[in-house]
Structures are given as structure tokens and as C-alpha cells.
Amino acid sequence: MDYKIFRRINQLAGRYSVLDMLMILISNKVRYLFVFVLMLMWFRGYSQRKATVYAVISSTCTLLINMLIQCFYFKPRPFMKRRVGILIPSKMNSAFLSKHTLLTTAVSTSIFLRERILGSVMWILSLLTGFSRIWVGHHYPSDIVRSLFIGSLTSIIVEKVFGSLKIMNRKSKKYYAQIRK
């Protein structure tokens, strides 16, 4: 089933040069747009600065999770097992999780939890990134779905953990102020 869906999407590669260029652009360059958005958010206010910090922490955690998984599990990329249309060169590492999709999803979910409209736009770009990774022949659809799930879950956990630390920090400041009196 995974290969059938992959094949349906990937067989379109090479037929429409404009779409191929767009998918290559999204696959390779959209992450720089995410960095640019985070830099803009950093200078816009406290709430957006907090979302930026959470996005960076979430991205770092997803990269660590990806590195850990790749130490124990290897899944060949589609072009390593079969003859498929590949539009751009790729490393011969594991396809199990798409690093591009992991990072964009971690950032977009962190933004979405604070800024719904901007986060929704960023989430659409994350979905397009995942789709483009299938289009260019680098990942199976299941790799993308898992990447979306892990990237989102990591961001939600980071938000919950650091949000609860903030509450705990407020309570400890309150109790510390009472003790000092």
C-alpha cells in the first residue's frame, strides 16, 4: 500500500517541469523560510519570542529523536530498492523519518500553539514539504506521516513541559517572596 501511494505521486515527477521545479524548491529551500519566520517572530514580542524558543527546542529534540532512531533502525529509501523517478540527489541514509518534514512540522506546530493563523500557514508548508519529499523520490508516504506525527508530538510535549515549568516557576517565586518577608 505504501509503495502504491508512493508510486502514484512519484510517477508524476518528470512530466511537468514547472511542478518539478516547484517541488524541488519546496523540498530544498522551504526550511529557510521557516528560519526567516522564526527570526521575525523573535523581534515581535514576548509571546512570539517564547514560540520561537519552543520551536528551536522542539526542532532540536526531533533531530535527536531522528538520530537515535537511525542508530537502531534502517529503512532503505525508495530509490535504493526500486527504480523510481528521482529529481535531486540524496544521501543513502535511512528513509524512516524525513528530517525536512520533522523540522518543519516541529516549528509549525510550535507556532500554531501560540499563533493560530501563522501556524496554520506554516503547517500547510510542512505538508507541502512532506509531499515534495515523496514527489522527488526520497521518502515513502508512511515516512512522512510518521515525521508529521513525531514533529507535532514533540512540539506539544515541549509546550506542556515548559508551560508547566513556568507555572512551577511562578509558584516558587511566590513562595520565595513569602519566605523572605
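The values are calculated or read from the model by the stated rules, or taken from the named source; none is laboratory data. What you see is a predicted model; the values in this text were computed from it and never measured. Please note: Cβ atoms are built from the backbone with ideal geometry, for glycine as well, and neighbour counts cover all protein chains shown. The accessibility values were calculated without ligands, DNA or RNA, using every heavy atom of the protein model including side chains. Shrake-Rupley method; radii C 1.70, N 1.55, O 1.52, S 1.80 Å.
Here is how the numbers come out for the structure above:
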item: Accessible area of residue 125 in the full protein assembly, 1.4 Å probe (Å², nearest 10); result: 40 Å²
item: Theoretical ellipticity at 222 nm over the chain - DSSP helices of four or more residues, -39500 (n - 2.57) apiece, nearest 500; result: -26500 deg cm²/dmol
item: Lysine pairs in the chain with Cα atoms under 29 Å, if 8 or more residues apart or on separate chains; result: 29
item: Amide proton proximity set for residue 98, modelled H, under 5 Å, gap of 5+; result: 147
item: Rounded accessible area of residue 123 (nearest 10 Å², 1.4 Å probe); result: 60 Å²
item: Residue (of 9, 100, 39) at the positive-pole extreme of the range 1-102, dipole from beta-carbon charges; result: 9
item: Spatial separation of Cα centroids for the range 1-76 and the range 126-152, in angstrom; result: 8 Å
